[in-house]
1. If I filter the range 176-194 for residues that are more than 18 Å from the chain's Cα centre (by Cα), aliphatic (A, V, I, L, M), part of a helix (DSSP H, G or I) and within 20 Å of His110 (Cα to Cα), do I get at least one hit?
2. Of all residues in the range 191-223, count the ones that are among the hydroxyl-bearing types (Ser, Thr, Tyr) and farther than 12 Å from Val173 by Cα.
3. Take the range 72-121 and flag every residue that is within 17 Å of Leu39 (Cβ to Cβ), assigned to a helix (DSSP H, G or I) and not hydrophobic (A, V, I, L, M, F, W, C).
4. Restricting the range 21-48 to residues that are surrounded by fewer than 21 Cβ atoms within 10 Å (Cβ to Cβ) and closer than 22 Å to Val125 by Cα, which is nearest to the chain's Cα centre (by Cα)?
5. Is there a residue in the range 231-247 that is within 21 Å of Leu72 (Cβ to Cβ) and among the aromatic types (Phe, Trp, Tyr)?
6. Of the residues Val214, Val162, Val209, which single one is touching a Pro at 6+ places or on another chain (Cβ under 6 Å) and surrounded by 24 or more Cβ atoms within 10 Å (Cβ to Cβ)?
7. Gln8 - would you say it is more than 26 Å from His110 (Cβ to Cβ), part of a helix (DSSP H, G or I) and of a type in the set (S, T, N, Q)?
8. Which one is nearest to Asn211 (Cα to Cα) among residues in the range 118-136 that are among the hydrophobic types (A, V, I, L, M, F, W, C) and crowded, with 16+ Cβ neighbours inside 10 Å?
Amino acid sequence: MDYVKPDQVVGSMVQSGAAKAALGVKDALLRGFLGGAILAFATTLAYTAAAQTKLPLIGALVFPIGFVIIILLGLELVTGSFALIPLAVLEKKATVRSMLANFFWVILGHLLGSAVYAALFYAAVTNFGHIQDQNVIQTIIKTAETKTNGYAALGYDGLAAVFAKAVLCNWMVTLGAVMAMTAQSTSGKILAMWLPILTFFAQGFEHAVVNMFVIPAGMMYGANVTLGGWWLWNQLPVLLGNFAGGLIFTGLFLYYTHSQKKKSSAAEPAASAVPGKVELLAAPAAHRR
(Lines give C-alpha, C1' and ligand atoms only; values in the text may rest on other atoms or scores of the structure.)
Protein backbone atom coordinates (compact mmCIF):
# COMPACT_ATOMS: atom_id res chain seq x y z
CA MET A 1 0.00 0.00 0.00
CA ASP A 2 1.42 3.38 -1.05
CA TYR A 3 -0.09 5.48 1.76
CA VAL A 4 1.92 5.93 4.96
CA LYS A 5 -0.09 6.64 8.11
CA PRO A 6 0.49 9.85 10.11
CA ASP A 7 1.98 8.14 13.17
CA GLN A 8 4.58 6.50 10.93
CA VAL A 9 5.19 9.83 9.21
CA VAL A 10 6.01 11.45 12.55
CA GLY A 11 8.55 8.71 13.19
CA SER A 12 10.08 9.44 9.79
CA MET A 13 10.18 13.15 10.63
CA VAL A 14 12.23 12.45 13.75
CA GLN A 15 14.59 10.11 11.88
CA SER A 16 15.02 12.62 9.07
CA GLY A 17 15.77 15.39 11.54
CA ALA A 18 18.38 13.24 13.27
CA ALA A 19 20.03 12.38 9.95
CA LYS A 20 20.16 16.04 8.94
CA ALA A 21 21.66 17.08 12.26
CA ALA A 22 24.35 14.41 11.85
CA LEU A 23 25.53 15.73 8.48
CA GLY A 24 29.12 16.88 8.30
CA VAL A 25 30.10 20.36 7.17
CA LYS A 26 30.94 19.24 3.63
CA ASP A 27 27.62 17.51 3.03
CA ALA A 28 25.55 20.26 4.65
CA LEU A 29 27.34 22.91 2.60
CA LEU A 30 27.16 21.04 -0.71
CA ARG A 31 23.55 19.97 -0.28
CA GLY A 32 22.64 23.48 0.82
CA PHE A 33 24.42 24.92 -2.22
CA LEU A 34 22.49 22.64 -4.57
CA GLY A 35 19.23 23.26 -2.73
CA GLY A 36 19.61 27.03 -3.02
CA ALA A 37 20.58 26.90 -6.69
CA ILE A 38 17.76 24.53 -7.64
CA LEU A 39 15.17 26.64 -5.84
CA ALA A 40 16.55 29.66 -7.71
CA PHE A 41 16.05 27.74 -10.97
CA ALA A 42 12.44 27.14 -9.95
CA THR A 43 11.95 30.80 -9.07
CA THR A 44 13.10 32.09 -12.44
CA LEU A 45 11.03 29.37 -14.11
CA ALA A 46 7.96 30.60 -12.23
CA TYR A 47 8.68 34.23 -13.16
CA THR A 48 9.21 33.23 -16.80
CA ALA A 49 5.96 31.26 -16.91
CA ALA A 50 4.03 34.13 -15.33
CA ALA A 51 5.53 36.64 -17.77
CA GLN A 52 4.83 34.49 -20.82
CA THR A 53 1.24 33.63 -19.89
CA LYS A 54 0.32 36.83 -18.01
CA LEU A 55 -1.09 34.47 -15.38
CA PRO A 56 0.81 34.44 -12.05
CA LEU A 57 -0.98 31.23 -11.08
CA ILE A 58 0.86 29.40 -13.87
CA GLY A 59 4.12 30.43 -12.24
CA ALA A 60 2.90 28.99 -8.95
CA LEU A 61 1.92 25.75 -10.69
CA VAL A 62 5.45 25.15 -12.01
CA PHE A 63 7.44 26.44 -9.02
CA PRO A 64 7.13 23.17 -7.00
CA ILE A 65 9.39 21.48 -9.58
CA GLY A 66 12.40 22.80 -7.68
CA PHE A 67 11.12 21.58 -4.33
CA VAL A 68 10.42 18.13 -5.76
CA ILE A 69 13.97 17.83 -7.12
CA ILE A 70 15.46 18.89 -3.79
CA ILE A 71 13.44 16.36 -1.78
CA LEU A 72 13.84 13.44 -4.17
CA LEU A 73 17.62 13.92 -4.36
CA GLY A 74 17.99 14.21 -0.59
CA LEU A 75 19.36 17.75 -0.72
CA GLU A 76 19.05 20.35 2.00
CA LEU A 77 16.44 23.07 2.41
CA VAL A 78 16.79 24.80 5.74
CA THR A 79 13.14 25.80 5.83
CA GLY A 80 12.09 22.15 5.76
CA SER A 81 14.62 21.33 8.47
CA PHE A 82 12.98 23.90 10.75
CA ALA A 83 10.19 21.36 11.35
CA LEU A 84 12.34 18.23 11.44
CA ILE A 85 15.57 18.74 13.36
CA PRO A 86 13.89 20.24 16.46
CA LEU A 87 11.86 17.03 16.77
CA ALA A 88 15.08 15.02 16.79
CA VAL A 89 16.35 17.33 19.54
CA LEU A 90 13.10 16.79 21.43
CA GLU A 91 13.59 13.03 21.16
CA LYS A 92 17.25 13.41 22.24
CA LYS A 93 18.48 12.07 18.91
CA ALA A 94 20.25 15.34 18.13
CA THR A 95 21.63 18.25 20.12
CA VAL A 96 20.84 21.94 19.93
CA ARG A 97 24.43 22.52 18.89
CA SER A 98 24.21 20.09 15.96
CA MET A 99 20.89 21.64 14.94
CA LEU A 100 22.31 25.17 14.87
CA ALA A 101 25.42 23.97 13.05
CA ASN A 102 23.25 22.38 10.37
CA PHE A 103 21.22 25.56 9.98
CA PHE A 104 24.38 27.68 9.65
CA TRP A 105 26.15 25.57 7.04
CA VAL A 106 23.02 24.91 5.01
CA ILE A 107 22.11 28.61 4.95
CA LEU A 108 25.66 29.46 3.87
CA GLY A 109 25.31 26.87 1.11
CA HIS A 110 21.98 28.38 0.05
CA LEU A 111 23.53 31.84 -0.22
CA LEU A 112 26.46 30.59 -2.28
CA GLY A 113 24.32 28.46 -4.58
CA SER A 114 21.85 31.29 -5.12
CA ALA A 115 24.64 33.75 -5.90
CA VAL A 116 26.26 31.44 -8.45
CA TYR A 117 22.94 30.83 -10.17
CA ALA A 118 22.11 34.56 -10.14
CA ALA A 119 25.37 35.37 -11.93
CA LEU A 120 24.96 32.60 -14.50
CA PHE A 121 21.30 33.45 -15.09
CA TYR A 122 22.09 37.11 -15.74
CA ALA A 123 24.84 36.17 -18.19
CA ALA A 124 22.53 33.73 -19.96
CA VAL A 125 19.39 35.84 -20.39
CA THR A 126 21.04 39.22 -21.04
CA ASN A 127 23.98 38.02 -23.14
CA PHE A 128 26.34 39.45 -20.53
CA GLY A 129 24.40 42.69 -20.18
CA HIS A 130 23.67 43.39 -23.85
CA ILE A 131 19.90 42.92 -23.39
CA GLN A 132 18.72 45.39 -20.76
CA ASP A 133 14.93 45.05 -20.96
CA GLN A 134 14.68 41.33 -20.22
CA ASN A 135 11.31 40.80 -18.50
CA VAL A 136 12.41 38.32 -15.85
CA ILE A 137 15.39 40.48 -14.84
CA GLN A 138 13.05 43.43 -14.38
CA THR A 139 10.68 41.25 -12.36
CA ILE A 140 13.51 40.21 -10.05
CA ILE A 141 14.60 43.83 -9.57
CA LYS A 142 11.06 44.96 -8.78
CA THR A 143 10.46 42.02 -6.46
CA ALA A 144 13.70 42.65 -4.55
CA GLU A 145 12.71 46.27 -3.96
CA THR A 146 9.17 45.34 -2.92
CA LYS A 147 10.41 42.70 -0.48
CA THR A 148 12.67 45.21 1.28
CA ASN A 149 11.82 48.85 0.66
CA GLY A 150 8.12 48.05 0.58
CA TYR A 151 8.22 46.74 4.14
CA ALA A 152 10.63 49.44 5.30
CA ALA A 153 8.12 52.10 4.25
CA LEU A 154 5.63 50.60 6.71
CA GLY A 155 8.01 50.62 9.68
CA TYR A 156 7.10 48.21 12.48
CA ASP A 157 3.94 47.23 10.64
CA GLY A 158 6.15 46.12 7.77
CA LEU A 159 8.18 43.88 10.07
CA ALA A 160 4.98 42.39 11.49
CA ALA A 161 3.62 41.79 8.00
CA VAL A 162 6.76 40.12 6.67
CA PHE A 163 6.96 37.93 9.78
CA ALA A 164 3.33 36.84 9.39
CA LYS A 165 3.87 36.03 5.71
CA ALA A 166 6.94 34.00 6.65
CA VAL A 167 5.01 32.01 9.26
CA LEU A 168 2.27 31.18 6.76
CA CYS A 169 4.81 30.33 4.09
CA ASN A 170 6.75 27.77 6.06
CA TRP A 171 3.63 26.24 7.52
CA MET A 172 2.99 25.12 3.94
CA VAL A 173 6.61 24.45 2.94
CA THR A 174 7.23 22.14 5.88
CA LEU A 175 3.95 20.41 5.13
CA GLY A 176 5.39 19.80 1.67
CA ALA A 177 8.43 18.11 3.19
CA VAL A 178 6.23 16.04 5.48
CA MET A 179 3.69 15.17 2.79
CA ALA A 180 6.52 13.56 0.82
CA MET A 181 6.72 11.04 3.66
CA THR A 182 3.06 10.06 3.30
CA ALA A 183 3.71 8.06 0.12
CA GLN A 184 6.16 5.33 -0.84
CA SER A 185 6.03 5.73 -4.61
CA THR A 186 7.83 8.53 -6.41
CA SER A 187 4.64 9.68 -8.13
CA GLY A 188 2.79 9.73 -4.83
CA LYS A 189 5.53 11.80 -3.20
CA ILE A 190 5.54 14.29 -6.07
CA LEU A 191 1.79 14.85 -5.96
CA ALA A 192 1.73 15.12 -2.18
CA MET A 193 4.55 17.68 -2.16
CA TRP A 194 3.11 19.75 -4.98
CA LEU A 195 -0.07 20.84 -3.19
CA PRO A 196 1.27 22.85 -0.21
CA ILE A 197 4.15 24.35 -2.22
CA LEU A 198 1.73 25.60 -4.86
CA THR A 199 -0.42 27.02 -2.06
CA PHE A 200 2.33 29.16 -0.52
CA PHE A 201 3.83 30.45 -3.77
CA ALA A 202 0.50 31.40 -5.32
CA GLN A 203 -0.29 33.65 -2.36
CA GLY A 204 3.02 35.50 -2.30
CA PHE A 205 4.17 34.44 1.15
CA GLU A 206 7.78 34.94 2.24
CA HIS A 207 10.25 32.08 1.86
CA ALA A 208 13.75 32.60 3.22
CA VAL A 209 15.58 30.53 0.60
CA VAL A 210 13.70 32.07 -2.33
CA ASN A 211 14.63 35.47 -0.92
CA MET A 212 18.27 34.42 -0.62
CA PHE A 213 18.16 34.36 -4.41
CA VAL A 214 15.68 37.06 -5.37
CA ILE A 215 16.96 39.92 -3.23
CA PRO A 216 20.73 39.61 -3.76
CA ALA A 217 20.09 38.83 -7.43
CA GLY A 218 18.01 41.99 -7.67
CA MET A 219 20.84 43.93 -6.02
CA MET A 220 23.27 42.39 -8.50
CA TYR A 221 21.02 43.44 -11.38
CA GLY A 222 20.62 47.03 -10.16
CA ALA A 223 17.82 47.10 -7.57
CA ASN A 224 17.85 50.00 -5.13
CA VAL A 225 18.39 47.78 -2.09
CA THR A 226 21.16 47.92 0.50
CA LEU A 227 22.77 44.99 2.27
CA GLY A 228 21.40 46.19 5.59
CA GLY A 229 17.94 46.72 4.13
CA TRP A 230 17.94 43.17 2.77
CA TRP A 231 18.73 41.57 6.13
CA LEU A 232 16.80 43.93 8.41
CA TRP A 233 13.56 44.25 6.47
CA ASN A 234 13.40 40.78 4.99
CA GLN A 235 15.96 38.04 5.52
CA LEU A 236 16.16 38.02 9.33
CA PRO A 237 12.42 38.38 10.05
CA VAL A 238 11.64 35.85 7.32
CA LEU A 239 14.07 33.32 8.76
CA LEU A 240 12.51 33.79 12.20
CA GLY A 241 8.98 33.57 10.82
CA ASN A 242 9.82 30.50 8.75
CA PHE A 243 11.32 28.85 11.83
CA ALA A 244 8.27 29.63 13.96
CA GLY A 245 5.76 28.52 11.34
CA GLY A 246 7.52 25.29 10.49
CA LEU A 247 8.37 24.32 14.05
CA ILE A 248 5.03 25.11 15.66
CA PHE A 249 2.33 24.45 13.09
CA THR A 250 3.90 21.47 11.37
CA GLY A 251 6.62 19.98 13.57
CA LEU A 252 5.21 20.26 17.08
CA PHE A 253 1.52 20.04 16.25
CA LEU A 254 1.92 16.85 14.22
CA TYR A 255 4.34 15.41 16.76
CA TYR A 256 2.04 15.92 19.71
CA THR A 257 -1.06 14.59 17.99
CA HIS A 258 0.46 11.61 16.15
CA SER A 259 3.58 10.60 18.07
CA GLN A 260 3.70 6.85 18.76
CA LYS A 261 5.71 7.51 21.92
CA LYS A 262 2.99 9.79 23.27
CA LYS A 263 0.26 7.29 22.42
CA SER A 264 2.09 4.34 23.96
CA SER A 265 2.73 6.23 27.21
CA ALA A 266 -0.93 7.24 27.35
CA ALA A 267 -2.04 3.66 26.76
CA GLU A 268 0.01 2.23 29.64
CA PRO A 269 -2.11 3.68 32.48
CA ALA A 270 -5.28 2.53 30.72
CA ALA A 271 -3.91 -0.98 30.34
CA SER A 272 -2.76 -1.15 33.95
CA ALA A 273 -6.20 -0.03 35.11
CA VAL A 274 -7.92 -3.08 33.63
CA PRO A 275 -6.58 -5.69 36.11
CA GLY A 276 -7.58 -3.42 38.97
CA LYS A 277 -11.16 -3.42 37.76
CA VAL A 278 -11.14 -7.20 37.51
CA GLU A 279 -9.89 -7.51 41.08
CA LEU A 280 -12.60 -5.18 42.37
CA LEU A 281 -15.25 -7.20 40.60
CA ALA A 282 -13.78 -10.49 41.75
CA ALA A 283 -13.61 -9.53 45.43
CA PRO A 284 -17.38 -9.47 46.11
CA ALA A 285 -17.76 -12.79 44.30
CA ALA A 286 -15.14 -14.38 46.55
CA HIS A 287 -16.84 -12.93 49.62
CA ARG A 288 -20.17 -14.47 48.62
CA ARG A 289 -18.56 -17.89 48.42
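1. No.
2. Step one: list which residues in the range 191-223 are among the hydroxyl-bearing types (Ser, Thr, Tyr), which gives 199, 221.
With the extra rule that they be farther than 12 Å from Val173 by Cα, the set shrinks to 221.
Residues meeting the conditions: 1.
3. Matches in the range 72-121: Thr79, Gly80, Ser81, Gly109, His110, Gly113, Ser114, Tyr117.
4. Within the range 21-48, the match that is nearest to the chain's Cα centre (by Cα) is Leu34.
5. No, the range 231-247 contains no residue that is within 21 Å of Leu72 (Cβ to Cβ) and among the aromatic types (Phe, Trp, Tyr).
6. From the options Val214, Val162, Val209, the qualifying one is Val162.
7. So Gln8 passes the test.
8. Among those that are among the hydrophobic types (A, V, I, L, M, F, W, C) and crowded, with 16+ Cβ neighbours inside 10 Å, it is Ala118.
The values are calculated or read from the model by the stated rules, or taken from the named source; none is laboratory data. These numbers come from a predicted model, not from an experiment. No Cβ is skipped: glycine too gets one built from the backbone with ideal geometry, and neighbour counts run over all protein chains shown.
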